[in-house]
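First up is the structure itself, then whatever we jot down about it.
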Amino acid sequence: MQIGQSITISPEQMREITARLRPHLPANLKHIEPHPPADGLRYVFEPPFTGREARPVPPHAFYEDPGLTPVSETQDAAEHDLREKAQHVLDDVYERADSEWRNAAYVADLKDHLKDTPTLWSAYQAAASDLETTYSYLSSPDAGREWHAAIFRLVAAQNRATTTAAAFDARAELIAQTHRRHLHADHSPTSALTAAGYPETAKDWHIADADDYSRDHHFSWSSAVPLLETVRRLIDQQDSNVAKVARLAGEVASLPHPR
């Protein structure tokens with residue numbers, strides 16, 4: 001058995017090391033076994049970490065254990081070798097345990113915030129689709145016969161898109177803060193959301209960087225903005241176009257009619 005590329009542990013040494021380390025290992029560590037074909041050991045934690053228990057760290061008692069405290073090589077070469085390797089195994093166990101705990105804590109924190117996020121996202125998508133349809137209608141011939149009613153419906157659709165975007169942003173900010181807080185976990189944001197139970201819908205959610213939700217101003221060239229800012233830009237463009245159409249239509253209406 002090997003740890004890394006330089007430490008080789010015989011089966012006999014592994015049995016002795018495991019016996020000596022047992023009082024100092026995580027309570028849920030059930031097995032230590034070879035991990036072929038790659039170098040290293042595989043640690044099986046059952047039940048798996050939830051992320052809600054204390055973060056696993058090597059207990060202080062290990063460093064006071066008379067069967068594990070360092071001895072010099074000149075004093076006892078075999079015991080020196082065994083205890084050096086036991087230290088490496090302990091470090092390896094807790095490195096793996098900490099990694100699994102951090103991933104579990106990431107997923108647990110996301111689950112706390114996700115809840116009805118799919119419903120919030122669906123509400124926004126429906127409002128965005130309605131806004132697109134309502135705005136597109138303005139360019140149809142029928143819109144001219146009910147222009148004021150069509151504009152009224154546009155404003156109502158813009159308000160719904162704004163409201164639903166703001167509701168989703170409030171949740172997205174919590175998710176973005178969770179991503180930031182667990183930046184050093186092995187999980188990526190996508191894999192963490194998948195592990196939290198949202199493998200399909202979550203990939204389309206509009207989640208900006210945590211800092212972007214508290215900004216008072218977003219540069220026009222930046223596309224990494226909260227959903228509400230995206231909707232605001234769209235509405236500004238729509239309002240500008242509607243105003244231009246109204247201005248040009250008024251200019252055309254004021255021209256003298258040909259005789």
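Dividing the summed helix terms, -39500 (n - 2.57) for each DSSP H run of n ≥ 4, by the number of residues in the chain produces a 222 nm estimate of -19500 deg cm²/dmol to the nearest 500. Each Cα pair under 8 Å and six or more residues apart adds its sequence gap; the mean of these over the residue count of segment 2-111 is a relative contact order of 31 percent.
If I build a Gaussian network model for the chain, linking alpha-carbon pairs within less than 10 angstrom, which residue out of Pro226, Pro66, Pro58 has the largest mean-square fluctuation? Of Pro226, Pro66, Pro58, the Gaussian network model singles out Pro66 as fluctuating most.
Looking at segment 20-103, which GluC sites (Glu not before Pro) are DSSP coil and have at most 12 other C-beta atoms within 10 Å of their C-beta? When the GluC sites (Glu not before Pro) of segment 20-103 are filtered for loop state and at most 12 Cβ neighbours within 10 Å, Glu73 remain. Sorting His31, His218, His179 from the fewest to the most surrounding beta carbons within 10 angstrom yields His31, His218, His179.
3J(HN,Hα) couplings calculated from phi for segment 125-132 with the Karplus curve 6.51 cos²θ - 1.76 cosθ + 1.60 (θ = phi - 60°) are, in sequence order, 4, 5, 5, 5, 5, 5, 5, 4 Hz; Gly and Pro show x.
On full extension, the segment bounded by Asp236 and Val57 gains 59.1 nm, given 0.36 nm per residue less the C-alpha separation. Contact order, relative form, for the chain: 15 percent (alpha carbon pairs under 8 Å, 6 or more residues apart, mean separation divided by residue count). When the alpha-carbon atoms of the chain are used, the pair Rg, Dmax equals 30.8, 118 angstrom.
Of the residues Phe168, Phe49, Phe152, which exhibits the maximal mean-square fluctuation in a Gaussian network model of the chain defined by a 10 Å Cα contact cut-off? Of the options given, Phe152 has the highest mean-square fluctuation. Spin-label model, Lys203/Asp76: points 7 Å from Cα along the beta carbon direction are separated by 5.7 nm. The value obtained for segment 116-254, namely the Cα convex hull volume divided by the number of residues, is 122 Å³ per residue. In order along segment 189-199, phi translates into HN-Hα couplings of x, 5, 5, 5, 5, 5, 5, 7, x, 10, x Hz, rounded to whole numbers, per the Karplus curve 6.51 cos²θ - 1.76 cosθ + 1.60 with θ = phi - 60° and x for Gly and Pro.
Treating each Cα of segment 138-202 as one equal point scatterer and applying the Debye formula with no solvent, the log10 of I(q)/I(0) at q = 0.26, 0.29 Å⁻¹ comes out as -1.08, -1.15. Residues whose amide H comes within less than 5 Å of that of Lys30, counting only those at least five positions distant or on another chain, are Val44, Phe45, Glu46 (H built at 1.01 Å from N in the peptide plane). Sparsely packed loop sites in segment 114-181 (the GluC sites (Glu not before Pro) outside DSSP H, G, I, E and B with at most 15 other Cβ atoms within 10 Å) comprise Glu146.
Using a Gaussian network model of the chain with C-alpha springs under 10 Å, which one of His206, His80, His60 is most mobile by mean-square fluctuation? In the Gaussian network model the winner is His60. Taking 0.36 nm per residue of separation and subtracting the Cα-Cα distance, full extension of the segment from Asp142 to Thr18 would add 36.6 nm.
For Ala108 and Ile7, the FRET efficiency from 1/(1 + (r/R0)^6), where r spans their Cβ atoms and R0 equals 30 Å, is about 0.35.
Bear in mind these aren't lab numbers, they're just calculated from the coordinates by the rules spelled out. A quick note: this is a predicted structure, and the numbers were derived from the prediction, not measured. Methodologically, a virtual Cβ is constructed for each residue, glycine included, from the backbone with ideal geometry; neighbour enumeration extends over all protein chains shown.
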